[in-house]
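The values are calculated or read from the model by the stated rules, or taken from the named source; none is laboratory data. Note that the structure is a prediction, hence the values are computed from the model and not measured. Note: ideal-geometry Cβ built from the backbone for every residue, glycine included; neighbour counts use all protein chains shown.
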C-alpha cells in the first residue's frame, strides 16, 4: 500500500485521459446511466463514486477514492477486442493499490438494486458481488426469460 502522497502522484491523470473522460461522460452507456441515477437518487451513503474518472493513463467507469475502488461495467465490447486493454488496466490499478470489480452490463439490467447495494458495501462487498453474480447465473440457467427483468429501486 502506498502512502497518500505517492498514491496521489501515481493516479494523477494524464491530459489525454482527462480529455477522453470528459467525452465519455457525455456518452454514457445505458447501464452506466442506470447506475448514475441510482447513485444520485440515494444520498444517504458516505461513499462518493465519480463517473468516468481519469486515473493515471486510464479511465474508470466508477471510482470511489475513499475505498480505492473501481467498478467497471462490462458490455459486449469487453468480451473481445477490449479484453487485453482491460487486463493491462486491471494490473496497473492493482499495482497502485486500487481494487477493480467488473460487473457485466446485463447484471445492471437484471439486478440494478443488487449491483448498487454491492457498490455501497465495498470494499468488503466483494463476496456479496460474487454471490450476486452467481445468483444471476443460476437464475439465467433455470429461467432464461429473467434476462428481461429489471429490478427497480
(message) Just checking: which of the helices (runs of 4 or more DSSP H) contained wholly in the stretch 57-124 hold 3 or more residues that are touching a helix residue (DSSP H, G or I) at 6+ places or on another chain (Cβ under 8 Å) and either at pLDDT 90 or above or more than 17 Å from residue 2 (Cα to Cα) (or both)?
(response) 105-110, 112-121
(message) Step by step: first the residues of the stretch 15-43, then only those that are surrounded by fewer than 13 Cβ atoms within 10 Å (Cβ to Cβ) and touching a helix residue (DSSP H, G or I) at 6+ places or on another chain (Cβ under 9 Å), then the one that is modelled with the lowest pLDDT. Which residue is that?
(response) 42
(message) Scan the stretch 131-147 and tell me whether some residue there is under 15 Å from the mean Cα position of the chain (by Cα) and at pLDDT below 85.
(response) yes
(request) Could you check, for the stretch 7-14, whether at least one of its residues is within 19 Å of residue 117 (Cβ to Cβ), surrounded by 11 or more Cβ atoms within 10 Å (Cβ to Cβ), out of contact with any strand residue (DSSP E or B) (no Cβ under 7 Å at 6 or more places or on another chain) and at pLDDT below 90? (result) no
